[in-house]
Amino acid sequence: MAYKMRGMTFDQFEVGREFDTMSRTVTEADVASFAGLSGDFNPLHTDEEFMKDSPFGGRIAHGMLCASMGTGLANQLGIFEGTTIAVLQITLKFTGAVKFGDTIRLKLTCMALKESSKGDKGTATFRGELFNQRDEQVLDSEWVVLLKKG
């Protein structure tokens, strides 16, 4: 038997529906790997001595790393698997710092649905909020996703 994709089609989403992801801890290895991959070796992320007297009291994770982790957490829900045609836009607002050892989770809320004039697809707009282990929002985002219809 062939694998069946778990994704939800455009017409299965409802405005106001929320999706909560599992959580994951941001590690020093995550930050080091992202610095190497992105080329972003800013001392905010890589130099503990430089950052120990900062308002953060130590190094912080890259905002883009945390945003990427958010998309990964959303993917693990399975709701976009096999039904996403394209991510058209993601707008990010960084609202707090993520420190090494913080545990983050994503809450996705369907905010709007718009059918395509072609009828076989539609765009869904989601609010994505990333929270740390203290339920403090660290990232607020808007995602516009083009989805297949059922």
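The values are calculated or read from the model by the stated rules, or taken from the named source; none is laboratory data. Because the structure is a prediction, the values reported are computed rather than measured. Backbone-built Cβ (ideal geometry, glycine too); neighbour counts: all protein chains shown.
Just to be sure before I move on: is residue 95 modelled with pLDDT of 95 or more and touching a Gly at 6+ places or on another chain (Cβ under 7 Å) in the structure I sent?
no
Name the single residue that is nearest to residue 107 (Cα to Cα) among those in the range 46-68 being free of Cβ contacts under 8 Å to residues at least 60 places away in the same chain, under 19 Å from the mean Cα position of the chain (by Cα) and not in a loop (DSSP other than H, G, I, E, B).
In this case the residue turns out to be 68.
Taking the range 124-141 as the search range and keeping residues that are touching a residue at least 40 places away in the same chain (Cβ under 8 Å) and buried (at least 18 other Cβ atoms within 10 Å of the Cβ), which one is nearest to residue 85 (Cα to Cα)?
As a first pass, look at the range 124-141 and keep what is touching a residue at least 40 places away in the same chain (Cβ under 8 Å): 124, 128, 130, 133, 136-141.
Those still in the list that are buried (at least 18 other Cβ atoms within 10 Å of the Cβ) too: 124, 128, 130, 138-139, 141.
Working: 124: 11, 128: 19, 130: 24, 138: 28, 139: 25, 141: 20 Å.
Applying the filter and picking the extreme gives 124.
Cβ-Cβ distance below 8 Å, separation of 6 or more or different chains: which pairs start in the range 11-31 with a residue that is at negative phi and end on one that is part of a loop (DSSP other than H, G, I, E, B) and of a type in the set (S, T, N, Q)?
If the second residue must be part of a loop (DSSP other than H, G, I, E, B) and of a type in the set (S, T, N, Q), the pairs left are 23/133.
For the condition at pLDDT 95 or above, closer than 14 Å to residue 139 by Cα and among the hydrophobic types (A, V, I, L, M, F, W, C), what is the one hit in 79, 85, 104?
Exactly one of 79, 85, 104 is at pLDDT 95 or above, closer than 14 Å to residue 139 by Cα and among the hydrophobic types (A, V, I, L, M, F, W, C), namely 104.
Of the numbered conditions (1) modelled with pLDDT of 95 or more; (2) closer than 16 Å to residue 12 by Cβ; (3) part of a loop (DSSP other than H, G, I, E, B); (4) touching an Asp or Glu at 6+ places or on another chain (Cβ under 6 Å), residue 109 fails exactly one; give the number of that condition.
(3)
Quick one: how many residues across the range 71-108 are in contact with a Lys or Arg (Cβ under 9 Å, 6 or more places away or on another chain) and more than 13 Å from residue 7 (Cβ to Cβ)?
Residues that pass the stated criteria total 10.
Does the range 72-99 hold any residues that are under 16 Å from residue 33 (Cβ atoms) and either out of contact with any helix residue (DSSP H, G or I) (no Cβ under 6 Å at 6 or more places or on another chain) or among the charged types (D, E, K, R) (or both), and which are they? Explain how you work it out, then say what you get.
Looking only at the range 72-99, we keep the residues that are under 16 Å from residue 33 (Cβ atoms), and these are 72, 98.
72, the sole residue that qualifies.
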